[in-house]
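Novice: This structure is in C-alpha coordinates; I'll ask about it shortly.
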Ligand SMILES: Nc1nc2c(ncn2[C@@H]2O[C@H](COP(=O)(O)OP(=O)(O)OP(=O)(O)O)[C@@H](O)[C@H]2O)c(=O)[nH]1
Ligand SMILES: [Mg+2]
(Lines give C-alpha, C1' and ligand atoms only; values in the text may rest on other atoms or scores of the structure.)
(Ligands and ions follow the chains in the order given, each with its own letter.)
Protein backbone atom coordinates (compact mmCIF):
# COMPACT_ATOMS: atom_id res chain seq x y z
CA UNK A 1 0.00 0.00 0.00
CA UNK A 2 2.92 2.34 0.67
CA UNK A 3 4.19 1.61 -2.83
CA UNK A 4 0.98 2.73 -4.50
CA UNK A 5 1.19 5.93 -6.45
CA UNK A 6 -1.13 8.36 -4.70
CA UNK A 7 -2.45 11.78 -5.63
CA UNK A 8 -4.54 14.54 -4.05
CA UNK A 9 -5.48 18.16 -4.37
CA UNK A 10 -3.17 19.96 -1.93
CA UNK A 11 -4.72 23.41 -2.25
CA UNK A 12 -8.29 24.23 -1.23
CA UNK A 13 -11.13 23.15 -3.51
CA UNK A 14 -13.14 25.93 -5.12
CA UNK A 15 -12.60 28.73 -7.60
CA UNK A 16 -9.04 30.04 -7.27
CA UNK A 17 -6.21 31.32 -9.46
CA UNK A 18 -4.04 28.24 -9.12
CA UNK A 19 -4.63 24.74 -7.79
CA UNK A 20 -1.82 22.41 -6.72
CA UNK A 21 -2.19 18.66 -7.20
CA UNK A 22 0.50 16.41 -5.76
CA UNK A 23 1.44 12.89 -6.76
CA UNK A 24 3.74 10.68 -4.67
CA UNK A 25 5.17 7.28 -5.65
CA UNK A 26 8.26 5.13 -5.88
CA UNK A 27 9.23 6.01 -9.42
CA UNK A 28 7.36 8.73 -11.26
CA UNK A 29 9.85 9.24 -14.08
CA UNK A 30 7.61 7.86 -16.85
CA UNK A 31 4.52 9.64 -15.54
CA UNK A 32 6.37 12.96 -15.47
CA UNK A 33 7.60 12.36 -19.03
CA UNK A 34 4.03 11.88 -20.15
CA UNK A 35 2.67 14.86 -18.23
CA UNK A 36 5.44 17.27 -19.25
CA UNK A 37 5.71 15.97 -22.83
CA UNK A 38 9.50 15.62 -22.58
CA UNK A 39 11.86 12.69 -22.42
CA UNK A 40 14.59 14.51 -20.51
CA UNK A 41 14.00 16.83 -17.60
CA UNK A 42 15.62 18.16 -14.47
CA UNK A 43 14.30 17.79 -10.95
CA UNK A 44 13.05 20.96 -9.23
CA UNK A 45 12.57 22.76 -12.53
CA UNK A 46 9.26 24.33 -13.45
CA UNK A 47 8.05 23.21 -16.89
CA UNK A 48 5.17 24.76 -18.80
CA UNK A 49 3.07 22.04 -20.39
CA UNK A 50 -0.12 21.31 -22.30
CA UNK A 51 -1.57 18.65 -20.04
CA UNK A 52 -3.55 16.09 -22.03
CA UNK A 53 -5.78 13.25 -20.89
CA UNK A 54 -5.51 9.56 -21.76
CA UNK A 55 -7.09 10.24 -25.19
CA UNK A 56 -4.72 13.07 -25.99
CA UNK A 57 -7.32 15.80 -25.42
CA UNK A 58 -6.10 18.99 -23.79
CA UNK A 59 -7.11 19.35 -20.12
CA UNK A 60 -5.36 22.62 -19.21
CA UNK A 61 -2.09 24.50 -19.52
CA UNK A 62 -0.10 23.79 -16.38
CA UNK A 63 3.23 24.18 -14.64
CA UNK A 64 4.71 20.85 -13.55
CA UNK A 65 7.62 20.16 -11.22
CA UNK A 66 9.45 16.93 -10.45
CA UNK A 67 10.95 16.31 -6.99
CA UNK A 68 13.26 13.32 -7.03
CA UNK A 69 13.45 10.90 -4.10
CA UNK A 70 14.67 11.36 -1.41
CA UNK A 71 14.62 15.18 -1.64
CA UNK A 72 10.86 15.64 -1.34
CA UNK A 73 8.13 16.07 1.28
CA UNK A 74 7.35 12.33 1.41
CA UNK A 75 10.86 11.12 0.60
CA UNK A 76 9.43 9.43 -2.52
CA UNK A 77 9.30 10.91 -6.03
CA UNK A 78 6.76 13.71 -6.09
CA UNK A 79 5.13 15.50 -9.01
CA UNK A 80 3.40 18.83 -8.51
CA UNK A 81 0.88 19.99 -11.06
CA UNK A 82 -0.06 23.67 -10.87
CA UNK A 83 -3.25 24.06 -12.87
CA UNK A 84 -5.90 26.74 -13.08
CA UNK A 85 -8.01 26.57 -9.95
CA UNK A 86 -11.38 25.77 -11.51
CA UNK A 87 -13.30 22.85 -10.00
CA UNK A 88 -13.85 21.38 -13.49
CA UNK A 89 -10.12 21.46 -14.28
CA UNK A 90 -9.22 19.93 -10.92
CA UNK A 91 -11.77 17.13 -11.31
CA UNK A 92 -10.59 16.36 -14.84
CA UNK A 93 -6.95 16.11 -13.73
CA UNK A 94 -7.85 13.86 -10.78
CA UNK A 95 -9.90 11.67 -13.15
CA UNK A 96 -7.01 11.46 -15.60
CA UNK A 97 -4.55 10.52 -12.85
CA UNK A 98 -6.76 7.65 -11.73
CA UNK A 99 -6.27 6.14 -15.20
CA UNK A 100 -2.48 6.27 -14.70
CA UNK A 101 -2.00 3.47 -12.19
CA UNK A 102 -2.51 5.83 -9.31
CA UNK A 103 -5.19 6.27 -6.66
CA UNK A 104 -6.60 9.08 -4.55
CA UNK A 105 -4.66 9.54 -1.28
CA UNK A 106 -6.31 9.04 2.11
CA UNK A 107 -6.37 12.00 4.52
CA UNK A 108 -2.87 12.47 5.95
CA UNK A 109 -1.35 9.82 3.68
CA UNK A 110 1.38 12.10 2.31
CA UNK A 111 2.50 12.89 5.87
CA UNK A 112 2.33 9.21 6.80
CA UNK A 113 4.78 8.45 4.01
CA UNK A 114 7.00 11.32 5.15
CA UNK A 115 6.94 9.74 8.62
CA UNK A 116 7.72 6.24 7.31
CA UNK A 117 10.63 7.66 5.31
CA UNK A 118 12.00 9.47 8.39
CA UNK A 119 11.23 12.91 7.02
CA UNK A 120 9.08 13.79 10.06
CA UNK A 121 8.44 12.33 13.49
CA UNK A 122 5.02 12.32 15.14
CA UNK A 123 5.59 15.60 17.00
CA UNK A 124 6.45 17.26 13.69
CA UNK A 125 3.17 15.87 12.30
CA UNK A 126 1.28 17.25 15.32
CA UNK A 127 2.95 20.62 14.64
CA UNK A 128 1.93 20.44 10.99
CA UNK A 129 -1.69 19.67 11.96
CA UNK A 130 -1.66 22.64 14.36
CA UNK A 131 -0.19 24.87 11.65
CA UNK A 132 -2.89 23.90 9.14
CA UNK A 133 -5.51 24.86 11.75
CA UNK A 134 -3.82 28.15 12.70
CA UNK A 135 -6.13 31.17 12.49
CA UNK A 136 -4.06 33.71 14.39
CA UNK A 137 -0.46 34.82 14.31
CA UNK A 138 0.48 33.36 17.70
CA UNK A 139 -1.02 30.01 16.69
CA UNK A 140 1.08 30.11 13.53
CA UNK A 141 4.32 30.86 15.40
CA UNK A 142 3.65 28.22 18.04
CA UNK A 143 2.80 25.46 15.55
CA UNK A 144 5.64 26.33 13.19
CA UNK A 145 8.24 25.91 15.92
CA UNK A 146 6.94 22.42 16.63
CA UNK A 147 6.65 21.46 12.96
CA UNK A 148 10.24 22.51 12.35
CA UNK A 149 11.46 20.10 15.00
CA UNK A 150 11.65 22.30 18.13
CA UNK A 151 9.66 19.82 20.17
CA UNK A 152 11.40 16.75 18.74
CA UNK A 153 14.72 18.18 19.85
CA UNK A 154 13.55 18.41 23.44
CA UNK A 155 11.97 14.93 23.45
CA UNK A 156 15.05 13.40 21.81
CA UNK A 157 17.35 14.92 24.38
CA UNK A 158 15.16 13.65 27.24
CA UNK A 159 15.06 10.20 25.73
CA UNK A 160 18.82 10.03 25.19
CA UNK A 161 19.43 11.05 28.80
CA UNK A 162 16.96 8.45 30.07
CA UNK A 163 18.56 5.68 28.04
CA UNK A 164 21.95 6.72 29.44
CA UNK A 165 20.67 6.72 33.02
CA UNK A 166 18.99 3.34 32.51
CA UNK A 167 22.22 1.89 31.11
CA UNK A 168 24.34 3.20 33.99
CA UNK A 169 21.93 2.06 36.67
CA UNK A 170 21.75 -1.43 35.12
CA UNK A 171 25.56 -1.51 35.07
CA UNK A 172 25.84 -0.94 38.82
CA UNK A 173 24.99 -4.57 39.49
CA UNK A 174 27.25 -5.98 36.80
CA UNK A 175 30.45 -4.00 37.29
CA UNK A 176 32.92 -3.49 40.03
CA UNK A 177 32.48 -0.14 41.78
CA UNK A 178 36.01 0.91 40.73
CA UNK A 179 35.20 0.44 37.06
CA UNK A 180 32.28 2.88 37.24
CA UNK A 181 32.36 6.69 37.30
CA UNK A 182 32.72 8.22 40.78
CA UNK A 183 29.55 8.91 42.77
CA UNK A 184 27.58 7.10 40.13
CA UNK A 185 24.49 6.49 42.27
CA UNK A 186 24.33 10.11 43.35
CA UNK A 187 24.64 11.27 39.76
CA UNK A 188 21.97 8.87 38.56
CA UNK A 189 19.55 10.21 41.16
CA UNK A 190 20.24 13.87 40.55
CA UNK A 191 20.01 13.50 36.76
CA UNK A 192 16.72 11.61 37.07
CA UNK A 193 15.32 14.31 39.36
CA UNK A 194 16.40 16.99 36.90
CA UNK A 195 14.55 15.22 34.10
CA UNK A 196 11.49 14.72 36.27
CA UNK A 197 11.37 18.44 37.05
CA UNK A 198 11.65 19.39 33.39
CA UNK A 199 8.78 17.05 32.48
CA UNK A 200 6.65 18.33 35.36
CA UNK A 201 7.20 21.91 34.21
CA UNK A 202 6.17 20.99 30.68
CA UNK A 203 3.02 19.29 31.95
CA UNK A 204 2.13 22.40 33.93
CA UNK A 205 2.32 24.32 30.65
CA UNK A 206 -0.29 22.02 29.07
CA UNK A 207 -2.98 24.62 29.64
CA UNK A 208 -0.89 27.24 27.88
CA UNK A 209 -0.35 24.92 24.93
CA UNK A 210 -4.08 24.16 24.76
CA UNK A 211 -5.04 27.82 25.12
CA UNK A 212 -2.77 28.85 22.25
CA UNK A 213 -3.71 25.97 19.98
CA UNK A 214 -7.46 25.79 20.65
CA UNK A 215 -8.07 29.31 21.93
CA UNK A 216 -7.99 31.11 25.29
CA UNK A 217 -11.39 30.60 26.99
CA UNK A 218 -13.03 33.66 28.53
CA UNK A 219 -16.46 33.32 30.19
CA UNK A 220 -18.76 36.20 31.16
CA UNK A 221 -20.73 35.24 34.25
CA UNK A 222 -22.86 36.96 36.86
CA UNK A 223 -26.44 37.38 38.02
CA UNK A 224 -29.27 37.95 35.59
CA UNK A 225 -29.74 41.37 34.03
CA UNK A 226 -26.35 42.81 35.03
CA UNK A 227 -25.52 43.35 31.34
CA UNK A 228 -23.40 40.30 30.48
CA UNK A 229 -24.79 39.99 26.96
CA UNK A 230 -24.42 43.73 26.42
CA UNK A 231 -20.74 43.65 27.47
CA UNK A 232 -20.23 40.52 25.33
CA UNK A 233 -21.63 42.33 22.28
CA UNK A 234 -19.33 45.28 22.95
CA UNK A 235 -16.27 43.00 23.16
CA UNK A 236 -17.22 41.10 20.00
CA UNK A 237 -18.09 44.32 18.21
CA UNK A 238 -21.42 42.95 16.95
CA UNK A 239 -24.93 42.32 18.22
CA UNK A 240 -24.48 38.59 18.67
CA UNK A 241 -26.41 38.00 21.90
CA UNK A 242 -30.01 39.06 22.60
CA UNK A 243 -30.25 41.84 25.17
CA UNK A 244 -33.42 42.66 27.13
CA UNK A 245 -34.52 43.91 30.51
CA UNK A 246 -36.23 40.58 31.23
CA UNK A 247 -34.16 38.66 33.78
CA UNK A 248 -33.10 35.30 32.35
CA UNK A 249 -32.84 36.41 28.72
CA UNK A 250 -29.75 34.35 27.91
CA UNK A 251 -30.30 30.64 28.42
CA UNK A 252 -27.75 28.95 26.21
CA UNK A 253 -24.03 29.61 25.97
CA UNK A 254 -23.28 32.02 23.13
CA UNK A 255 -19.72 31.87 21.82
CA UNK A 256 -17.66 34.04 19.56
CA UNK A 257 -14.03 33.87 18.48
CA UNK A 258 -11.97 37.02 18.49
CA UNK A 259 -8.30 37.76 17.88
CA UNK A 260 -6.59 39.71 20.65
CA UNK A 261 -2.95 40.58 19.96
CA UNK A 262 -2.59 37.49 17.75
CA UNK A 263 -4.08 35.09 20.28
CA UNK A 264 -7.30 33.27 19.45
CA UNK A 265 -9.91 33.96 22.15
CA UNK A 266 -13.12 31.95 22.69
CA UNK A 267 -15.53 34.36 24.38
CA UNK A 268 -18.67 32.89 25.99
CA UNK A 269 -21.75 34.73 27.19
CA UNK A 270 -23.70 32.63 29.69
CA UNK A 271 -27.06 32.33 31.38
CA UNK A 272 -27.36 34.57 34.44
CA UNK A 273 -27.01 32.82 37.80
CA UNK A 274 -30.15 32.79 39.95
CA UNK A 275 -32.51 30.37 41.70
CA UNK A 276 -35.11 29.30 39.20
CA UNK A 277 -37.81 26.70 38.68
CA UNK A 278 -37.70 27.06 34.93
CA UNK A 279 -36.39 23.75 33.52
CA UNK A 280 -34.71 25.32 30.49
CA UNK A 281 -33.10 28.09 32.49
CA UNK A 282 -31.80 25.47 34.95
CA UNK A 283 -30.10 23.65 32.08
CA UNK A 284 -28.63 26.96 30.95
CA UNK A 285 -27.22 27.55 34.42
CA UNK A 286 -25.64 24.06 34.39
CA UNK A 287 -23.96 25.04 31.15
CA UNK A 288 -22.69 28.23 32.76
CA UNK A 289 -21.00 26.08 35.41
CA UNK A 290 -19.27 23.98 32.75
CA UNK A 291 -18.04 27.16 31.03
CA UNK A 292 -16.69 28.36 34.37
CA UNK A 293 -14.73 25.14 34.80
CA UNK A 294 -13.24 25.38 31.31
CA UNK A 295 -12.47 29.08 31.49
CA UNK A 296 -8.90 30.36 31.45
CA UNK A 297 -10.28 33.74 32.51
CA UNK A 298 -13.64 34.72 34.03
CA UNK A 299 -15.24 38.15 33.73
CA UNK A 300 -17.45 38.32 36.80
CA UNK A 301 -20.02 41.01 36.05
CA UNK A 302 -22.06 43.02 38.56
CA UNK A 303 -24.27 46.08 38.20
CA UNK A 304 -23.81 47.45 41.68
CA UNK A 305 -21.29 47.66 44.48
CA UNK A 306 -19.63 44.34 45.34
CA UNK A 307 -17.15 42.81 47.76
CA UNK A 308 -15.98 40.31 45.15
CA UNK A 309 -12.23 40.37 44.61
CA UNK A 310 -10.24 39.60 41.47
CA UNK A 311 -7.87 36.62 41.45
CA UNK A 312 -5.47 34.95 39.00
CA UNK A 313 -8.26 33.94 36.67
CA UNK A 314 -11.00 36.44 37.51
CA UNK A 315 -11.60 40.06 36.55
CA UNK A 316 -14.39 41.78 38.49
CA UNK A 317 -16.47 44.17 36.40
CA UNK A 318 -19.12 46.61 37.56
CA UNK A 319 -21.31 47.41 34.58
CA UNK A 320 -23.98 50.12 34.20
CA UNK A 321 -21.54 52.70 35.52
CA UNK A 322 -23.74 55.33 33.86
CA UNK A 323 -26.22 54.65 36.66
CA UNK A 324 -23.68 54.48 39.48
CA UNK A 325 -22.35 57.45 41.44
CA UNK A 326 -19.46 56.07 43.50
CA UNK A 327 -16.63 54.57 41.44
CA UNK A 328 -13.90 54.21 44.00
CA UNK A 329 -13.23 50.47 44.14
CA UNK A 330 -9.69 49.94 42.82
CA UNK A 331 -10.17 46.18 42.48
CA UNK A 332 -12.81 46.37 39.79
CA UNK A 333 -13.22 47.66 36.26
CA UNK A 334 -16.18 49.98 35.72
CA UNK A 335 -17.94 49.73 32.37
CA UNK A 336 -21.07 50.90 30.66
CA UNK A 337 -22.14 48.64 27.82
CA UNK A 338 -24.73 51.33 27.09
CA UNK A 339 -22.31 54.22 26.44
CA UNK A 340 -19.14 52.19 25.77
CA UNK A 341 -17.33 53.79 28.70
CA UNK A 342 -14.65 51.59 30.27
CA UNK A 343 -14.78 48.88 27.59
CA UNK A 344 -11.22 49.79 26.54
CA UNK A 345 -10.08 49.45 30.15
CA UNK A 346 -11.71 46.04 30.29
CA UNK A 347 -9.98 44.97 27.07
CA UNK A 348 -6.66 46.14 28.47
CA UNK A 349 -7.19 44.20 31.67
CA UNK A 350 -7.97 41.09 29.59
CA UNK A 351 -4.82 41.71 27.54
CA UNK A 352 -2.61 42.01 30.61
CA UNK A 353 -3.97 38.79 32.12
CA UNK A 354 -3.73 36.90 28.87
CA UNK A 355 -0.16 37.98 28.17
CA UNK A 356 0.94 37.07 31.66
CA UNK A 357 -0.49 33.57 31.20
CA UNK A 358 0.44 32.87 27.59
CA UNK A 359 3.59 34.82 26.82
CA UNK A 360 7.06 33.27 26.90
CA UNK A 361 5.74 30.15 25.26
CA UNK A 362 9.06 29.55 23.44
CA UNK A 363 9.75 26.63 25.74
CA UNK A 364 6.22 25.30 25.75
CA UNK A 365 5.69 22.05 23.88
CA UNK A 366 2.68 21.60 21.60
CA UNK A 367 0.87 19.10 23.84
CA UNK A 368 -2.30 17.31 22.76
CA UNK A 369 -4.27 14.58 24.51
CA UNK A 370 -1.97 11.87 23.11
CA UNK A 371 1.29 13.49 24.12
CA UNK A 372 -0.14 14.60 27.48
CA UNK A 373 -0.92 11.02 28.46
CA UNK A 374 2.50 9.70 27.41
CA UNK A 375 4.30 12.56 29.13
CA UNK A 376 2.34 11.84 32.30
CA UNK A 377 3.26 8.14 32.05
CA UNK A 378 6.93 9.09 31.69
CA UNK A 379 6.63 11.35 34.73
CA UNK A 380 5.14 8.61 36.88
CA UNK A 381 7.84 6.11 35.81
CA UNK A 382 10.57 8.54 36.84
CA UNK A 383 8.78 9.16 40.15
CA UNK A 384 8.59 5.44 40.79
CA UNK A 385 12.27 5.05 39.94
CA UNK A 386 13.18 7.68 42.52
CA UNK A 387 10.71 6.82 45.24
CA UNK A 388 10.05 3.12 44.98
CA UNK A 389 13.19 1.28 43.86
CA UNK A 390 15.16 1.60 47.09
CA UNK A 391 18.65 0.37 46.36
CA UNK A 392 17.51 -1.98 43.65
CA UNK A 393 19.12 -0.50 40.54
CA UNK A 394 17.61 -3.12 38.28
CA UNK A 395 14.16 -1.85 39.13
CA UNK A 396 15.38 1.75 38.89
CA UNK A 397 16.76 1.06 35.44
CA UNK A 398 13.54 -0.64 34.33
CA UNK A 399 11.41 2.38 35.30
CA UNK A 400 13.70 4.84 33.55
CA UNK A 401 13.78 2.65 30.45
CA UNK A 402 9.97 2.55 30.39
CA UNK A 403 9.95 6.36 30.70
CA UNK A 404 12.30 6.49 27.69
CA UNK A 405 9.87 4.23 25.81
CA UNK A 406 7.02 6.63 26.58
CA UNK A 407 8.99 9.49 25.10
CA UNK A 408 9.80 7.25 22.13
CA UNK A 409 6.07 6.75 21.63
CA UNK A 410 5.57 10.52 21.60
CA UNK A 411 8.09 10.78 18.78
CA UNK A 412 6.78 7.69 17.02
CA UNK A 413 10.11 5.88 17.33
CA UNK A 414 8.10 3.18 19.07
CA UNK A 415 4.54 3.19 17.93
CA UNK A 416 1.33 1.29 17.47
CA UNK A 417 -0.79 1.53 14.34
CA UNK A 418 -3.82 2.99 16.09
CA UNK A 419 -1.72 5.89 17.37
CA UNK A 420 -0.47 6.56 13.86
CA UNK A 421 -3.99 6.43 12.48
CA UNK A 422 -5.16 9.00 15.03
CA UNK A 423 -2.20 11.28 14.38
CA UNK A 424 -2.47 11.31 10.62
CA UNK A 425 -6.24 11.51 10.45
CA UNK A 426 -6.10 15.01 12.02
CA UNK A 427 -4.68 16.12 8.69
CA UNK A 428 -6.73 16.87 5.65
CA UNK A 429 -6.63 15.39 2.20
CA UNK A 430 -3.49 16.32 0.32
CA UNK A 431 -1.25 16.55 3.39
N1 LIG B 1 -28.05 51.85 31.86
C2 LIG B 1 -27.46 50.75 31.42
N3 LIG B 1 -28.18 49.70 31.03
C4 LIG B 1 -27.53 48.58 30.61
C5 LIG B 1 -26.13 48.51 30.52
N6 LIG B 1 -25.79 47.28 30.07
C7 LIG B 1 -26.93 46.61 29.86
N8 LIG B 1 -28.00 47.38 30.18
C9 LIG B 1 -29.41 47.02 30.12
O10 LIG B 1 -29.64 46.03 31.11
C11 LIG B 1 -30.61 45.08 30.66
C12 LIG B 1 -30.03 43.68 30.74
O13 LIG B 1 -28.97 43.55 29.82
P14 LIG B 1 -28.43 42.16 29.28
O15 LIG B 1 -27.19 42.43 28.53
O16 LIG B 1 -29.52 41.43 28.60
O17 LIG B 1 -28.10 41.47 30.69
P18 LIG B 1 -27.65 39.97 30.97
O19 LIG B 1 -26.75 40.02 32.16
O20 LIG B 1 -27.14 39.34 29.76
O21 LIG B 1 -29.02 39.31 31.40
P22 LIG B 1 -29.47 37.77 31.38
O23 LIG B 1 -29.14 37.21 30.05
O24 LIG B 1 -30.94 37.84 31.62
O25 LIG B 1 -28.76 37.10 32.50
C26 LIG B 1 -30.98 45.51 29.25
O27 LIG B 1 -32.15 46.27 29.30
C28 LIG B 1 -29.80 46.37 28.80
O29 LIG B 1 -30.15 47.32 27.83
C30 LIG B 1 -25.38 49.67 30.93
O31 LIG B 1 -24.15 49.70 30.91
N32 LIG B 1 -26.10 50.76 31.36
MG1 LIG C 1 -27.75 37.71 28.70
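Novice: Looking at 218, 301, 280, 254, which one is modelled with pLDDT of 95 or more, within 16 Å of ligand 2 (Cβ to nearest atom) and over 27 Å from residue 331 (Cα atoms)? Step through it out loud before you land on a result.
Specialist: Values: 218 fails: over 27 Å from residue 331 (Cα atoms); 301 fails: over 27 Å from residue 331 (Cα atoms); 280 fails: modelled with pLDDT of 95 or more.
Criteria check complete, one pass: 254.
Novice: While we're looking at this one, here's another question. Are any residues in the range 228-242 in a loop (DSSP other than H, G, I, E, B) and within 14 Å of residue 271 (Cβ to Cβ), and if so, which ones?
Specialist: Step one: list which residues in the range 228-242 are in a loop (DSSP other than H, G, I, E, B), which gives 237-242.
Those that are in a loop (DSSP other than H, G, I, E, B) and within 14 Å of residue 271 (Cβ to Cβ): 241, 242.
Novice: Considering only residues of the range 189-233 that are out of contact with any strand residue (DSSP E or B) (no Cβ under 9 Å at 6 or more places or on another chain) and within 16 Å of ligand 1 (Cβ to nearest atom), which is farthest from residue 243 (Cα to Cα)?
Specialist: Going through the qualifying residues, I end up with 225.
Novice: For the range 321-351, give me the residue count where each residue is exposed (fewer than 13 other Cβ atoms within 10 Å of the Cβ) and not in a loop (DSSP other than H, G, I, E, B). Spell out the reasoning first.
Specialist: Taking the range 321-351 as the starting set, the residues that turn out to be exposed (fewer than 13 other Cβ atoms within 10 Å of the Cβ) are 323, 325-328, 330-331, 339-340, 344, 348.
From what is left, the residues that are not in a loop (DSSP other than H, G, I, E, B) are 323, 344, 348.
Going through the range 321-351 one residue at a time, the tally reaches 3.
Novice: Given the conditions (1) surrounded by fewer than 20 Cβ atoms within 10 Å (Cβ to Cβ); (2) assigned to a helix (DSSP H, G or I); (3) in contact with a helix residue (DSSP H, G or I) (Cβ under 6 Å, 6 or more places away or on another chain), which single one is not true for residue 213?
Specialist: (1) is the only condition that residue 213 fails.
Novice: Hey, another quick one. Given the criteria without any contact (Cβ under 8 Å) to a residue 40 or more places away in the chain and assigned by TED's automatic domain parsing to the domain that holds residue 40, does residue 88 qualify?
Specialist: On the way: without any contact (Cβ under 8 Å) to a residue 40 or more places away in the chain: yes; assigned by TED's automatic domain parsing to the domain that holds residue 40: yes.
Spelling it out, residue 88 is indeed without any contact (Cβ under 8 Å) to a residue 40 or more places away in the chain and assigned by TED's automatic domain parsing to the domain that holds residue 40.
Novice: Kindly provide the set of residues from the range 308-351 that are farther than 20 Å from residue 243 by Cα, out of contact with any strand residue (DSSP E or B) (no Cβ under 8 Å at 6 or more places or on another chain) and modelled with pLDDT of 95 or more, ordered by number.
Specialist: Hits for the range 308-351 are 344, 348.
Novice: A follow-up question, please. Could you list all residues from the range 221-251 that are more than 9 Å from ligand 2 (Cβ to nearest atom) and free of Cβ contacts under 8 Å to residues at least 60 places away in the same chain?
Specialist: 236, 237, 238, 239, 240, 245, 246, 247
The values are calculated or read from the model by the stated rules, or taken from the named source; none is laboratory data. What you are looking at is a predicted structure, and each value in this text was computed from that prediction instead of being measured. Cβ sites come from the backbone with ideal geometry, for glycine too, and all protein chains shown count toward neighbours.
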